[in-house]
Structure formats: C-alpha cells, structure tokens
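Here is the structure we will look at.
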Amino acid sequence: TLAAAADVDEDVRYYDVTGETPAEIWRDMRARGPVGKDGGKYNATTPWNLRWRYPYAKSADGCATGPVTVQLSVVYNLPRWNRPPGASATVARQWDRYIEALEEHEQGHADFGRQTADEIERALDRVSKAGTDGYPPYNIERLPRTGTDPERLRITLAVAGFTREQMEITLEEN
C-alpha cells in the first residue's frame, strides 16, 4: 500500500453500449470502446499517471529536502450496458459476469500504478533520509519508459577522488 504522503486519484468513465445479444453488445463495445496508446480499440482501458515532488532547499548547513509526495492518477474507461427491454435474463447474467471480470482485470492495471508509486516514494524517501549535509552531491533523474522497460529513476552521485573500486553503495529499505 502507499504511504500516507501519497495521493491517489481514481476516476471511472463509462461509455454506453447497447444490444440484445452478446454478439450485438460485443460489436457495440468494439465500435465505441476507448482507444489505447497504441491506437487500437479496446473494451476497457485503465491509463495511470504518476507525478512526484521532491522539494529541496540550500542552507548554511547544506541541502535539505522537504516531504516527498507522490501522486497517482488512475482513469478506468469501462462499458456500461443499457439493457434494452428485449434482452433476456440469461444475457443480463452473462453481462454481469463479464463486467465483473473486466473490472477485476482493469484493477490489475491500476495495481501496477500503485506498486510503481510505492517504489518511487520509497526510493525518494531513502534519498531524502541519506543525510542533509550535502555530501555526496547527487542528482535524481526520471527516465521515461522505453519499449518494454518501465519508467525508472537514475540516481547519480558525485564522489570526486574515488575510483569505482574504492566505493561501496548499499541500497537499503527504510
């Protein structure tokens, strides 16, 4: 779960579909469904976006960081069936099972965003607790997603006078 500093904003947006049979409903979903980032049509999508804030300030004592905050925005784009009077109870039950499974599937996409937000928040929190004396100087870069690689953070340390072999870097939780 996300720490208290994280903010999660979830929004559900529906698009209406009609049809009396599963085939008619399916065709309507394919015609009206949301468009994914790849340009394809889908029955549902769940895009998420992360933003974070890592404030810092210089003082006579060195650099200090403010509270790290991470904001996750999730939008569920789901179909909503407008059941026509002629649709059977069997089709209604099939729809209920389908939409329940679809919502669970889309929740899995949102969970990826939650896990990523948690990882980013922990990493930034660790860096902020590493010390406020300003040494060693460091830089945090957000690297965009490329191909199949997820969005990542790169932390660069400036440690003049040391070779790589003379340094040991340990990543610890908390």
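For TYR42, the solvent-accessible surface computed with a 1.4 Å probe is close to 90 Å², ligands and nucleic acids excluded. Taking each residue as 0.36 nm, the span from ASP11 to SER88 lengthens on full extension beyond its C-alpha to C-alpha distance by 24.6 nm. What does the charge count near TRP52 come to, summing +1 for each Lys or Arg and -1 for each Asp or Glu among other residues with Cβ under 9 Å from its Cβ? Overall, the nearby charge balance is +2.
Surface calculation, 1.4 Å probe, protein heavy atoms: ARG126 sits at approximately 60 Å² accessible. Each residue was assigned an accessible area with a 1.4 Å probe, and for ILE155 the value is about 80 Å².
Distant-in-sequence amide contacts of TYR15, defined by a placed amide H-H separation under 5 Å and a gap of 5 or more residues or a different chain, comprise LEU78, ARG80.
The values are calculated or read from the model by the stated rules, or taken from the named source; none is laboratory data. This one's a predicted model, so the numbers in the text were calculated from it and none came from an experiment. Positions of Cβ are backbone-derived with ideal geometry, glycine not excepted, and every protein chain shown enters the neighbour counts. All accessible areas refer to the heavy atoms of the entire protein, side chains included, with ligands and DNA or RNA removed. Shrake-Rupley method; radii C 1.70, N 1.55, O 1.52, S 1.80 Å.
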